[in-house]
Amino acid sequence: MILTGLLLLVLALAGAPLFAIIAASALLGFARGGVDPMVVVGEFFRIADMPVLLAIPLFTFAGYLLSESGAPKRLVRLSNALLSWLPGGLALVTLVTCALFTAFTGASGVTIVAIGALLYPALQQAGYEERFTLGLLTTGGSLGLLFPPSLPLILYGVVAGTNVDRLFLAGVLPGIAMVLLLGVWCVHRGRRIQRPATFSFREAGAALAAAAWELPLPVLVLGGVYSGLFAVSEVAAVTALYVTVVEVGVHREVTWRQLPAVMRESAVLVGGILVILGASLASTNYLIDAQVPEKLFAFVTTHVTSKFTFLVVLNLFLLVLGMILDIFSAVVIVVPLVLPLAAGYGIDPLHLGMIFLANMQIGYSTPPVGMNLFIASYRFGKPVLELYRASLPFVALLLLAVLLITYVPALSLLLVGK
Amino acid sequence: MSLPSSSNGKVFSLVRRLEEAVLVGVLAGMIVLAVTQILLRNVLGGGLVWADPLLRLAVLWLGMAGAALASREDRHIAIDTLPRLLPPRARAGVRVVTDLFTAAVAAVLARHATRLVLADRTAGAAAFSGMPAWVAEAVLPVAFGVVAWRYLAMAWRHARELARRPG
């Protein structure tokens, strides 16, 4: 049993698709327990039994369509008009646009490609240091993961069995805390950079008008869910339709003929996530049959006595996990194991979600796996190591944010009323 | 000989087109049906009974079609850091092993999925609103079969690459 486990681990590190690794462990586990391995396929079918999952393809499509249109440009222009008069203005513009955009595209690397291309030359021209600029854009690629309607939030809700509406609320303050922390650093580093002396009402008005069609989107998502009028999947459907009408019908920046290609792209991401989810449903089921969560709980409680220590250990574990696994696989595989543990120490599942995702976000910008590093390296033509060094101050600030989120549960729970 | 060879190219382009048609059709249909359902529920006070289960099923179909497509484009989620560091020849060798492993797992899944479909067909199980369970499940054996086939073809490609490069 240990031997097969090791073999699967080696295969995983050798680059075998994770869905195959997880499915293999479930198939072998059930077969060893004398259960018909057909149940593994039955678990895959449970994907068709989870209403919230509908939101994932719909939001993914909306996000990809937005990134193919001129929306990123309009978003940058608008935040530029509103923020550029501040010290470190353009850096703040980068933070805000990255965060808003990532919330819609789910940190799949689209942000660095779409926003980075626009802001990298602008930041350099404005006189920001090269290293600061690269670090900002690299870490910015996953900023905003905690804001609705980000995919990792929805996936956590599905796997943990928590209400996605409430998760959307819980993410707001921790997300803002992250942006603010990084914002202070941006203001500090950008204080000597030349900036437009005053706020231009004219440009602000023009930028607002240009983005008029996209402005209702955050209102639609937040308002729709928070007012309780719509379910998350309904908001996703309306968002997908609205974005299609606006970008294809009104702005005409994406043609009807290009639409299937955008759908294809989003389906590849959704398919990649869902097969891992399906396989994990089966492997989790096997782990529960084998009473692994109980054994893990017994083991951990004998070694870790206080909630405080547990949180320290949890953070360390999640940081390492985030360095190895991408956020989607990590949520799907690890949350079912960590959830009962955290509950044993009296940690709210919503709070745990914020801790989990905030840690995973850091993993995007750390070696060896950090996806942001590779995408930024490809996009800006810089070696991965240089980008890593550039990201260090930002990663340090994100770590600070993680500590804040971990030890101040109120950040996550205040808006939910807990 | 190359895999997929030109002699059965028609079959492959058919699979490919079918896959794309499923993707685009299902996603577009999902948006339209979900929005219609919202309108019906809020204007008429009641929606279509079969719409919600059908939408949930569509997620599975879209996901499986997407997984098949991800296999064609070699874009499944994987930890690919270590292989990236290897020299090209070693990397091709590792790929042959991981491709064959993935093809085998997908083939086993396809086999059990076929059993599930056949069992539910014999039993006459229903999924919802008169939709037989086996029809709803049919996407699983097909998609896993395609995934298995594609990883087999990929293993073949990497093996040829391995053979071409001098040691």
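The values are calculated or read from the model by the stated rules, or taken from the named source; none is laboratory data. Small disclaimer: the values here were computed from a predicted structure and weren't measured. Reconstructed Cβ throughout: ideal geometry from the backbone, glycine too, with neighbour counts over all protein chains shown.
Structure notes:
- Test: A:R77 is basic (K, R), closer than 24 Å to A:L392 by Cα and more than 14 Å from every other protein chain (Cβ to nearest Cβ): no
- Some residue of region B:119-128 being facing chain A (nearest Cβ under 9 Å), part of a strand (DSSP E or B) and either touching a Gly at 6+ places or on another chain (Cβ under 7 Å) or not β-branched (V, I, T) (or both): yes
- Screening region A:32-51 for residues that are more than 10 Å from chain B (Cβ to nearest Cβ) and assigned to a helix (DSSP H, G or I) and picking the one that is farthest from A:Y242 (Cα to Cα) gives A:R32.
- So A:I176, is it closer than 30 Å to A:Q125 by Cβ, surrounded by fewer than 22 Cβ atoms within 10 Å (Cβ to Cβ), β-branched (V, I, T) and within 21 Å of the chain's Cα centre (by Cα): yes
- Any hit, region B:76-83, residues being in contact with a Gly (Cβ under 6 Å, 6 or more places away or on another chain), assigned to a loop (DSSP other than H, G, I, E, B), acidic (D, E) and closer than 27 Å to A:F328 by Cβ: yes
- Condition check for B:V32: surrounded by fewer than 23 Cβ atoms within 10 Å (Cβ to Cβ), facing chain A (nearest Cβ under 10 Å) and over 19 Å from the mean Cα position of the chain (by Cα): yes
- Counting only residues that are small (G, A, S), surrounded by 18 or more Cβ atoms within 10 Å (Cβ to Cβ) and within 28 Å of A:L123 (Cβ to Cβ), region A:211-236 holds 1 of them.
- Meets criteria (out of contact with any Pro (no Cβ under 8 Å at 6 or more places or on another chain) and modelled with pLDDT under 95) for B:A90: yes
- Pairs linking a residue in region A:360-379 that is free of Cβ contacts under 8 Å to residues at least 12 places away in the same chain to a residue that is surrounded by 20 or more Cβ atoms within 10 Å (Cβ to Cβ), with Cβ atoms under 8 Å and 6 or more positions apart or on different chains, are A:S377/A:L387.
- Selection count, region B:88-98, where residues are more than 14 Å from B:A163 (Cβ to Cβ) and at the interface with chain A (Cβ under 8 Å from one of its Cβ atoms): 3
- Residues that are hydrophobic (A, V, I, L, M, F, W, C), over 15 Å from A:T105 (Cα atoms) and in a helix (DSSP H, G or I), drawn from region A:215-234: A:V219, A:L220, A:L222, A:V225, A:V232
- B:D80 touching a residue at least 24 places away in the same chain (Cβ under 8 Å) and at the interface with another protein chain (Cβ under 10 Å from one of its Cβ atoms): no
- Helices (runs of 4 or more DSSP H) (entirely within region A:337-410) containing at least 3 residues that are modelled with pLDDT of 95 or more: A:349-363, A:384-407
- Residues being free of Cβ contacts under 8 Å to residues at least 12 places away in the same chain and assigned to a loop (DSSP other than H, G, I, E, B) - total across region B:146-167: 1
- Every condition in (1) basic (K, R); (2) at the interface with another protein chain (Cβ under 7 Å from one of its Cβ atoms); (3) closer than 20 Å to A:P51 by Cα is met by B:R41 except one, and the failing one is (2).
- Sole exception among (1) surrounded by 17 or more Cβ atoms within 10 Å (Cβ to Cβ); (2) within 8 Å of chain A (Cβ to nearest Cβ); (3) at pLDDT 90 or above for B:E73, by number: (1)
- Qualifying residue in region A:288-309 (condition: within 14 Å of chain B (Cβ to nearest Cβ) and not polar (S, T, N, Q)): no
- Screening A:L11, A:L7, A:L28 for residues that are out of contact with any Asp or Glu (no Cβ under 8 Å at 6 or more places or on another chain), surrounded by 15 or more Cβ atoms within 10 Å (Cβ to Cβ) and more than 7 Å from chain B (Cβ to nearest Cβ) leaves exactly one candidate, A:L28.
- Every test in (1) in contact with an Asp or Glu (Cβ under 9 Å, 6 or more places away or on another chain); (2) of a type in the set (G, A, S); (3) crowded, with 23+ Cβ neighbours inside 10 Å is passed by A:G70 save one, and that test is (3).
- Selection count where residues are facing chain A (nearest Cβ under 8 Å) and touching a helix residue (DSSP H, G or I) at 6+ places or on another chain (Cβ under 6 Å), scope region B:44-57: 3
- Test: residue in region A:116-133 that is closer than 30 Å to A:A343 by Cα and not β-branched (V, I, T): no
- So B:A67, is it crowded, with 16+ Cβ neighbours inside 10 Å and facing chain A (nearest Cβ under 8 Å): yes
- Cβ-Cβ under 9 Å pairs, at least 6 apart or on other chains, region A:235-254 side within 8 Å of another protein chain (Cβ to nearest Cβ) and under 15 Å from A:F59 (Cα atoms), far side β-branched (V, I, T) and not in a helix (DSSP H, G or I): A:T244/A:V254
- Any chance A:T139 is free of Cβ contacts under 8 Å to residues at least 40 places away in the same chain, surrounded by 24 or more Cβ atoms within 10 Å (Cβ to Cβ) and either of a type outside the set (A, V, I, L, M, F, W, C) or in a loop (DSSP other than H, G, I, E, B) (or both): no
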